[in-house]
1. Exposure proxy check: M55, M132 ranked by fewest other beta carbons within 10 Å?
2. When the distances between all Cα atoms of region 76-132 are binned every 10 Å from zero, what whole-number percent does each bin get?
3. Can you compute the charge dipole magnitude of the chain about its Cα centre, using +1 on each Lys and Arg Cβ and -1 on each Asp and Glu Cβ, nothing else charged? Give it in debye, rounded to the nearest 20.
4. Provide Rg over Rh for the chain; use the alpha carbon set for both Rg and the Kirkwood Rh (inverse mean inverse pair distance).
5. Return the subset of K126/K265; K47/K302; K179/K274; K216/K265; K47/K216 for which the Cα-Cα distance in this structure is over 30 Å, preserving the input order.
Amino acid sequence: MLFNSFGLTHHNVDRATPGFTLFAAINHDQANLLNIEGEIVHQWQLKKGGINHCMLLPNGNLFIGEGTEDGPTIPAGKGGWLREYDWDGNVVWEHHDENQHHDARRLPNGNTVYIAWNKLSVDDAKRIKGGMAGTENAFDAGGPYEDVIREVDADGKVVWEWHSTELDMDKYSICPLCKRHEWAHANTCAPLPNGDIMVSYRVLNLLIIIDRQTGKIKWEHHDIDLGHQHDCHMLDNGNVLVYANGMHGGDIFYSRILEFDPDSKETAWEYSGKPVLSFFSPHISGMQRLDSGNTLICEGGKGCIFEVTPEGDIVWQYISDLWTHSPFAGDVNWIFRAYRYAADSPQIQNRV
């Protein structure tokens, strides 16, 4: 397939949801805000370059994870700096944790929750099941590591954390096609309205909810057909929305967006491509349910952001032409996540 169209490639004016779309290409030195016509109307110049999650806070500031040179040498999802930029591009808050990776969120109380690596003890490392034999020290990273969900206050003091070794390590095995250097590759930490945290473990095909008060797992969903999923979160209607990547899954080898009831696990809505392989990103990626009822999808491996109706019709599409270099994939235009904000939202407030 020849990618010969970039920028705005489709716009159904009558059916697309008005607003501004935020994205930061992985490892690029700018975060960008697009209008509905696909034009960059605001930019933030970054210090190190965007890594993974970025979003606008209610005060209009940019909250973003950026890379660091220290810490584990694991390439996938490595971050290290969390920064908040004001609208004019000034850094007004930052936090350094050389072990931070993938996701981070600002909480309503002003604290920040994020994912970090932590070196496993010898005994816990022996408990890891599955994965490719002999890959505990993949990438010369000094592993294996576990994932920690860590909360810090405005001064960077750790006030709460939860270790993935609290999972039943005898119950879940790493995908046999994945390395053993991480238990178990968390890529999402989504706060829920009641303060609990929903976490996605990619190589286990597992979603969980951690009770913020007790530290216990109060809900879990394991399904190989999630295909190393990303961006699980709960909708206002109580359903779970997740990007099922379709990587190393069962018989499903293409990406899907799934909305399902967390109790019955029954699917309430699903999106897949037509043909199915026209929609596929084996890693990163995510989606946002818009107030219009449409869904904004970030097909991260293709640098493609598009909007679909509940019926699955594509009504807006933008493909990034911002290229960076990946040490294991060459030239890429990858985007981890994207978000759309209404013009009168607290995040925008007619600033554009």
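1. Numbers: M55 20, M132 15.
So the ranking, lowest neighbour count to highest, is M132, M55.
2. Whole-percent P(r) values from 0 Å outward: 18, 37, 27, 12, 6.
3. Working: 28 positive and 49 negative charges, 76 e Å.
In total the dipole reaches around 360 debye.
4. On the way: Rg = 19.1 Å, Rh = 20.4 Å.
Dividing the radius of gyration by the Kirkwood radius yields 0.94.
5. On the way: K126/K265 33 Å; K47/K302 25 Å; K179/K274 32 Å; K216/K265 21 Å; K47/K216 38 Å.
The answer is K126/K265; K179/K274; K47/K216.
Read-outs: derived from the displayed coordinates by stated rules, not from any lab. Model, not experiment: these values are computed from the prediction. Cβ atoms come from the backbone with ideal geometry, glycine included; neighbour counts cover every protein chain shown.
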